[in-house]
Amino acid sequence: MATSPCSSSGVSSSSSSGLGADAGLEIRTRSVEQTLVPLVSQITTLINHKDKPKRSDKTLQAIQRVGQAVNVAVGRFVTVGEAIANENHELKEEMSVACIEARRAGETIAQLTDVASLDHPESDSHITIFTDKTGVVKAARLLLSSVTKVLVLADRIVIKQIITSRNKVLATMEQLEKVSSFQEFVQIFSQFGNEMVEFAHLTGDRQNDLKDEKKKARMAASRAVLEKCTMMLLTASKTCLRHPDCESARVNKDGVFHRMRLALEQVIEIVTDSRPNGENEMAPISIYSGIREFKNKVEGLRENLYFLSKENLSTMLEVILEHTEDFTDSAYTSHEHREHILELSKQAKMELEQLVSVWMQAQNQKTKDLMEDLELAILKTCQCMNELKREVHSAATSLAADLLKYHTDHMVLKALKITGVEGNLEAVAEYTCKLSEQKEQLVEMCRLLRHVSGTEPLEITCIHAEDTFQVTGPQIISAAETLALHPSSKIAKENLEVFCEAWESQLSDMSLLLREINDVFEGKRGEKRVYLSLPRPGKHNANLKALKPVKLDTEEQAKIAKLGLELHLLTSDVDSETEKWEDQENEIVQHGQGMSSMAYSMYLFTRGEGLLKTTQDLFHQAEIFAMEGTKLASALHTLSDQVHDDDKPLLLLEAEKLISMCKQLQITAKASAQGKSATFTKVDACILKTRNVMTLLCQLLPLCCKLLRKNKAGNGCLKPAPPWKEDRIRTGTNARSPERRVDTFGIKSLENHVTNMTFLESK
């Protein structure tokens, strides 16, 4: 297997600055990404100054300070990089080149920004940021690229450390497999335990640092296997040493070693982003992900009638319906669920046929009637897929709930322990058959849950659970057989206990997993947080008890779909703006995120999905949304006291606008509406006014962020960079242990120096 940690990283900046991404680099860890953020911000701000028409003495001095600060910080940064190169000869050449490029780019930026002492910075007699506008962009791009390379090369050291730790663990495992005496085993296992602790710490840090949630889930699964198998390896090995001629004990031990090796291999695959023999990872497709992709394509017809073929859509539906056979063919699916799934599958085919027919007509003639028919066909198709999704979810989760409840008492495991101690081989054989049946049920449950898990990390958790039951079942059986053959053996009894505990632990984990899957289905978590402080109808308002909650029908959903889509796009815009804030705990950010989450749940309502099931739910959500907006307005007033006098009127004006719009929304949400037509009009008005508030929020967030940065920067002065501690390099270079060297010259050390490149907010 390839274990080279040579996955490089790259970064892109805003197009306004002219900084482009290095196509050969890709950032895979949060630490590298976060380290680059201050540099990207400062360089972008500097580039933007080159086209500013007003150039006061204060601005010129600020620009010069930025350029000098960048150059000094890069110089310190490069010093650390060069020390890394000296400590790691295999990276020396690449690191040295990247350091030279970074130093050269930093010096160029300092020269181009040396403008404060010039009477005419625009004069061609002296090349500056104003006369050589492309030069500073090139220097900035080179600086960004070279600093990223230094960071990624440093990151390779972390990867190398994990690989080295894995190799140590594997070597010690080989020794453990070959030992023939207890004394030797105890000595080597003590060393093995220390190595596993080190490996656990390294991989835990890496898991938390990964950006890819799917890889994080795979890493978590592999680390869970290693954690549980460490104790299994101890008792299985001791049992084998005590009973060297027992075949079931040997099988039991071999199974543990094999599983640990597979888990170690997977960790390295994730860390190095490589697979044996260059294979590509083929993730199984779930019904949920298939339906999501299918619906996206269908809804895309609203914008473009020609972007895909009818054969493409038909194939996608066929794949989804093939996967539903996992439910209809399962012996554990109830008759009622099976019939409903088959009926909905048939209906889905009919709805798609109708959609394709109208779609083909609309391609030839775009009349108003045809486009309305197409909209209705899209909604009916998506509604059918939603119902199919609900049905398979109900089938999988109800089966899981029943099985987990049935197996809570662990009767089969208890019986195996008792009959094993009695040495009753016949009874052990009987209960191992029952455990095998239980294993098949649980494996089938995991397969069905994977189809409805809703997110890739949960899909991976389901796959991990399936593997655990597949492997642990036979291991319990071999441990029980060993105990039955040696009923007086304390170590054989202890070994069986350990494997039974692993089984019970996995069952307990399944209950938590089932709860998470249900939460995702109900919109409580997943790709988007949903506001959870929604009061239920009748709980906080006695007048609501007399109102009959209603849902929107298909035609009403069609009318409101455009508004819902606009609301969805605005929530994405707001989320993008809140992510730009350095202080995620800021009150303005918190209120903005809460409002975005509530608006998203209202968007889901327009699609017939999510927590808001009835129009009354929607009206309650609108009220809470308006209250949150009022709280945000209060936070804006607080901010206005902190900003400069010039900026205060604008902020107060926007705050008053927000208060007015929220009051209007509250009035609309509380107004009574009798009859279907009036209720729909009220729904339409609530979503329209929510959209207007979100539009204002999209303008407010960047304004507040800018004012806060401006306020923080004061009059454009840079914060002084902390003095560089020279002894830190000396300590790292002279350190005896490789662990100390990696700590000193790892990502965190470099992060400290790039963070010193504080940026000047453009005034």
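The values are calculated or read from the model by the stated rules, or taken from the named source; none is laboratory data. Because the structure is predicted, anything quoted here is derived from the model rather than measured. Counting neighbours? That spans all protein chains shown, and the Cβs are built from the backbone with ideal geometry, glycine included. For the accessible areas, the whole protein counts, side chains as well, though only heavy atoms, and no ligand, DNA or RNA atoms are used. Shrake-Rupley method; radii C 1.70, N 1.55, O 1.52, S 1.80 Å.
Could you tell me whether A429 is surrounded by 21 or more Cβ atoms within 10 Å (Cβ to Cβ), modelled with pLDDT of 95 or more and not β-branched (V, I, T)?
Details: surrounded by 21 or more Cβ atoms within 10 Å (Cβ to Cβ): no; modelled with pLDDT of 95 or more: yes; not β-branched (V, I, T): yes.
No.
Select, from D209, D205, the only residue that is touching a strand residue (DSSP E or B) at 6+ places or on another chain (Cβ under 7 Å) and modelled with pLDDT under 95.
Of the residues listed, the single one that is touching a strand residue (DSSP E or B) at 6+ places or on another chain (Cβ under 7 Å) and modelled with pLDDT under 95 is D209.
Go through the residues of the range 62-85 one by one and say whether even a single one is acidic (D, E) and under 35 Å from the mean Cα position of the chain (by Cα).
Within the range 62-85, the first condition is being acidic (D, E), and the residues that meet it are 82.
Remaining after also requiring under 35 Å from the mean Cα position of the chain (by Cα): 82.
The answer is yes; a qualifying residue exists.
Of everything in the range 309-327 that's among the polar types (S, T, N, Q) and without any contact (Cβ under 8 Å) to a residue 24 or more places away in the chain, which residue is least open to solvent (accessible area, probe 1.4 Å)? Before you say what the answer is, go through the steps one by one.
The first filter runs over the range 309-327 and keeps only residues among the polar types (S, T, N, Q), leaving 309, 312, 314-315, 324.
Filter once more, so that each one left must be without any contact (Cβ under 8 Å) to a residue 24 or more places away in the chain: 309, 312, 315.
Details: S309: 51, N312: 67, T315: 74 Å².
Out of the qualifying residues, it is S309.
Quickly run through the range 658-677 and pick out the residues that are at negative phi, modelled with pLDDT under 90 and open to solvent by 40 Å² or more (accessible area, probe 1.4 Å).
Hits for the range 658-677 are K670, A671, S672, Q674, K676, S677.
Residues to consider are L639, L650; find the one that is hydrophobic (A, V, I, L, M, F, W, C) and more than 35 Å from the chain's Cα centre (by Cα).
Step by step, each of L639, L650 is checked, and only L650 is hydrophobic (A, V, I, L, M, F, W, C) and more than 35 Å from the chain's Cα centre (by Cα).
Can you find even one residue in the range 337-346 that is of a type in the set (K, R), within 30 Å of E444 (Cβ to Cβ) and open to solvent by less than 90 Å² (accessible area, probe 1.4 Å)?
For the range 337-346, residues of a type in the set (K, R), within 30 Å of E444 (Cβ to Cβ) and open to solvent by less than 90 Å² (accessible area, probe 1.4 Å): present.
For the range 80-95, what are the residues that are polar (S, T, N, Q) and surrounded by 17 or more Cβ atoms within 10 Å (Cβ to Cβ)?
Within the range 80-95, the first condition is being polar (S, T, N, Q), and the residues that meet it are 86, 88.
Once the filter is applied, which keeps residues that are polar (S, T, N, Q) and surrounded by 17 or more Cβ atoms within 10 Å (Cβ to Cβ), the range 80-95 yields only N88.
Is it the case that E213 is more than 26 Å from D254 (Cβ to Cβ), acidic (D, E) and touching a residue at least 24 places away in the same chain (Cβ under 8 Å)? Walk me through it before giving the result.
Values: more than 26 Å from D254 (Cβ to Cβ): yes; acidic (D, E): yes; touching a residue at least 24 places away in the same chain (Cβ under 8 Å): yes.
Yes: the conditions hold for E213.
Is it true that R259 is more than 26 Å from the chain's Cα centre (by Cα), part of a helix (DSSP H, G or I), surrounded by 21 or more Cβ atoms within 10 Å (Cβ to Cβ) and at pLDDT 90 or above? Don't jump to the end; show me each part of the working.
Working: more than 26 Å from the chain's Cα centre (by Cα): yes; part of a helix (DSSP H, G or I): yes; surrounded by 21 or more Cβ atoms within 10 Å (Cβ to Cβ): yes; at pLDDT 90 or above: yes.
Considered against the rule, which asks whether it is more than 26 Å from the chain's Cα centre (by Cα), part of a helix (DSSP H, G or I), surrounded by 21 or more Cβ atoms within 10 Å (Cβ to Cβ) and at pLDDT 90 or above, R259 comes out as yes.
Would a scan of the range 694-716 turn up a residue that is open to solvent by 30 Å² or more (accessible area, probe 1.4 Å) and at pLDDT 90 or above? Explain how you work it out, then say what you get.
Filtering the range 694-716 for residues open to solvent by 30 Å² or more (accessible area, probe 1.4 Å) gives 695, 699, 702-703, 706, 708-712, 715.
Those left that are additionally at pLDDT 90 or above: 695.
Yes; the residues of the range 694-716 include at least one that is open to solvent by 30 Å² or more (accessible area, probe 1.4 Å) and at pLDDT 90 or above.
Can you pull out the residues in the range 402-424 that are among the aliphatic types (A, V, I, L, M) and surrounded by fewer than 15 Cβ atoms within 10 Å (Cβ to Cβ)? Break it down stepwise before answering.
First, the residues of the range 402-424 that are among the aliphatic types (A, V, I, L, M): 403-404, 411-413, 415-416, 418, 421.
M411, I418 - these are the residues of the range 402-424 that are among the aliphatic types (A, V, I, L, M) and surrounded by fewer than 15 Cβ atoms within 10 Å (Cβ to Cβ).
If I ask for residues that are surrounded by fewer than 20 Cβ atoms within 10 Å (Cβ to Cβ) and in contact with a Cys (Cβ under 9 Å, 6 or more places away or on another chain), which ones from the range 442-462 would you list?
Correct list: R447 only.
Part of a loop (DSSP other than H, G, I, E, B) and in contact (Cβ under 8 Å) with a residue 40 or more places away in the chain, is that true of G420? Steps first, answer last, please.
On the way: part of a loop (DSSP other than H, G, I, E, B): no; in contact (Cβ under 8 Å) with a residue 40 or more places away in the chain: yes.
For G420, the condition - part of a loop (DSSP other than H, G, I, E, B) and in contact (Cβ under 8 Å) with a residue 40 or more places away in the chain - is not met.
Mind telling me which of the residues L370, L376 ends up being surrounded by fewer than 21 Cβ atoms within 10 Å (Cβ to Cβ) and free of Cβ contacts under 8 Å to residues at least 60 places away in the same chain? Reasoning before the result, please.
Working: L376 fails: free of Cβ contacts under 8 Å to residues at least 60 places away in the same chain.
Going through L370, L376 in turn, the sole match is L370.
Among (1) modelled with pLDDT of 75 or more; (2) open to solvent by less than 10 Å² (accessible area, probe 1.4 Å), there is one condition V32 misses while meeting the rest; what is its number?
Evaluating V32 over (1) modelled with pLDDT of 75 or more; (2) open to solvent by less than 10 Å² (accessible area, probe 1.4 Å) leaves (1) as the failure.
So is S330 surrounded by 14 or more Cβ atoms within 10 Å (Cβ to Cβ), assigned to a helix (DSSP H, G or I), polar (S, T, N, Q) and assigned by the TED database to the domain that holds M385 or not? Spell out how you get there, then give the answer.
Working: surrounded by 14 or more Cβ atoms within 10 Å (Cβ to Cβ): yes; assigned to a helix (DSSP H, G or I): no; polar (S, T, N, Q): yes; assigned by the TED database to the domain that holds M385: yes.
When the stated conditions are applied, S330 does not pass them.
Are any residues in the range 605-637 without any contact (Cβ under 8 Å) to a residue 40 or more places away in the chain and not in a helix (DSSP H, G or I), and if so, which ones?
Once the filter is applied, which keeps residues that are without any contact (Cβ under 8 Å) to a residue 40 or more places away in the chain and not in a helix (DSSP H, G or I), the range 605-637 yields nothing.
Answer with yes or no whether I188 is of a type in the set (V, I, T) and either over 32 Å from the mean Cα position of the chain (by Cα) or farther than 19 Å from A263 by Cα (or both). Working first, answer last.
On the way: of a type in the set (V, I, T): yes; either over 32 Å from the mean Cα position of the chain (by Cα) or farther than 19 Å from A263 by Cα (or both): yes.
Yes; evaluated as a whole, the condition is true for this residue.
Please determine, by comparing only the residues of the range 207-256 that are open to solvent by 20 Å² or more (accessible area, probe 1.4 Å) and among the aliphatic types (A, V, I, L, M), which one is nearest to the chain's Cα centre (by Cα).
Result: A220.
All but one of (1) farther than 29 Å from L449 by Cβ; (2) part of a helix (DSSP H, G or I); (3) not small (G, A, S) hold for K366; which doesn't?
(2)
Which one of these does T148 not meet: (1) of a type outside the set (K, R); (2) within 30 Å of I43 (Cβ to Cβ); (3) open to solvent by 10 Å² or more (accessible area, probe 1.4 Å)?
T148 satisfies all of (1) of a type outside the set (K, R); (2) within 30 Å of I43 (Cβ to Cβ); (3) open to solvent by 10 Å² or more (accessible area, probe 1.4 Å) except (3).
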